[in-house]
Amino acid sequence: MSFPPYRTDCRAPASQLPQQLPDVYNPSDTFEHEVSLMSNTTVLTEWFRHVPEDKWLRDPAACRADAKFIWDKLELKAGVKVLECPCGKADLGFPLARLGAIVSGIDFNSHFIIGAKNKFQRAALEGSFKTADMRTCDLPTDMDVVINWGSSFGYFSDEGNSDLLQRFAGSLKHGGRLLIEVANPDLVVAGKATRIIASGDQVEEHWNNVTHRATVIFPATDFRGPVSASVRVYSTDEFKKMLEAAGLSLVGFFGPGFAPFTADSPRLIVLAVKP
């Protein structure tokens with residue numbers, strides 16, 4: 001399972017930065033079941049806030065290629081308004097802006113937002129970025145495209161994930177399109193998805209057939225214990241129902257580069273439109 005994806009980053013390695021743990025764990029949280037059998041592992045309800053920053057890195061060349069595929073598939077034109085959420089350091093937003101998009105980005109990580117702003121300023125590109133929680137912040141409206149890329153969907157409870165889809169729908173203009181990119185759910189369930197490689201080591205992955213969540217364990221660092229990262233994995237049928245509930249219409253499912261989606265596709269791209 002290629003999660004988290006690699007993202008563009010130019011800061012010092014996260015191993016050199018302090019990672020602070022929460023003082024209280026809420027046992028009623030959805031994620032408590034994911035690591036109940038894993039000893040010596042820190043259970044974090046907001047696990048994505050504690051994954052070392054270098055584990056979010058993505059290859060710039062891959063981002064440029066993905067951006068070009070998106071631009072061509074959606075037949076975008078200069079001036080198109082795009083929201084990347086979460087955006088990292090404008091992983092897709094930056095190459096899309098170079099193609100002519102007006103980009104907005106939201107990420108909880110202030111370091112990433114600073115990096116995104118710096119890239120746009122240096123390139124004299126138009127863009128708007130803010131540090132915020134995509135579950136609660138005011139999303140920009142009247143967007144032509146909303147992009148949730150690189151296994152960035154499924155972090156929350158089913159209710160929370162459905163609410164997020166509705167928020168994305170609210171951000172789109174009529175005729176606007178939503179893109180979500182995740183690991184192929186069939187491969188994840190079968191245990192055949194690509195596993196994370198962290199610092200040259202293979203990170204342990206677990207599939208829970210009851211909760212339908214995939215969990216990976218990030219090893220301990222000098223600043224914190226092991227971190228359990230939990231993601232809800234949705235089937236294509238589940239995605240279709242969730243999109244309909246959010247007022248969106250499914251356009252189609254695709255593999256990498258918008259090739260036809262098959263059982264062997266390593267990634268799943270979900271394309272939907274707001275009627």
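The values are calculated or read from the model by the stated rules, or taken from the named source; none is laboratory data. For clarity, every value in this text was computed on a predicted model and none was experimentally measured. All Cβ positions, glycine included, derive from the backbone under ideal geometry; neighbour counts span all protein chains shown.
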For residue 70: the one exception among (1) under 23 Å from residue 160 (Cβ atoms); (2) of a type in the set (A, V, I, L, M, F, W, C); (3) buried (at least 23 other Cβ atoms within 10 Å of the Cβ)
(1)
Selected residue (criterion: modelled with the lowest pLDDT) from residues of segment 190-216 that are in contact with a His (Cβ under 9 Å, 6 or more places away or on another chain) and either part of a loop (DSSP other than H, G, I, E, B) or of a type in the set (A, V, I, L, M, F, W, C) (or both)
216
Subset of segment 208-242, residues aliphatic (A, V, I, L, M) and either surrounded by 15 or more Cβ atoms within 10 Å (Cβ to Cβ) or touching a residue at least 12 places away in the same chain (Cβ under 8 Å) (or both), comes to 210, 214, 216, 217, 227, 229, 231, 233, 242
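Does residue 127 fit the bill of being surrounded by 19 or more Cβ atoms within 10 Å (Cβ to Cβ) and under 16 Å from the mean Cα position of the chain (by Cα)?
No.
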Some residue of segment 241-253 being under 27 Å from residue 217 (Cα atoms) and not in a strand (DSSP E or B)
no
Checking residue 78 against (1) in a strand (DSSP E or B); (2) aliphatic (A, V, I, L, M); (3) over 29 Å from residue 266 (Cβ atoms): exactly one of these is not met. Which one?
(1)
With respect to residue 259, is the statement that it is closer than 14 Å to residue 181 by Cα and over 20 Å from the mean Cα position of the chain (by Cα) true?
yes
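Determine whether residue 91 is part of a loop (DSSP other than H, G, I, E, B), surrounded by fewer than 23 Cβ atoms within 10 Å (Cβ to Cβ) and modelled with pLDDT under 95. Working first, answer last.
Working: part of a loop (DSSP other than H, G, I, E, B): yes; surrounded by fewer than 23 Cβ atoms within 10 Å (Cβ to Cβ): no; modelled with pLDDT under 95: yes.
For residue 91, the condition - part of a loop (DSSP other than H, G, I, E, B), surrounded by fewer than 23 Cβ atoms within 10 Å (Cβ to Cβ) and modelled with pLDDT under 95 - is not met.
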Residues that are surrounded by fewer than 23 Cβ atoms within 10 Å (Cβ to Cβ) and closer than 22 Å to residue 256 by Cα: does segment 98-107 have at least one?
yes
When residue 169 is evaluated against the numbered criteria (1) at pLDDT 95 or above; (2) within 16 Å of the chain's Cα centre (by Cα); (3) farther than 17 Å from residue 230 by Cα, which criterion, by number, is the only one it fails?
(2)
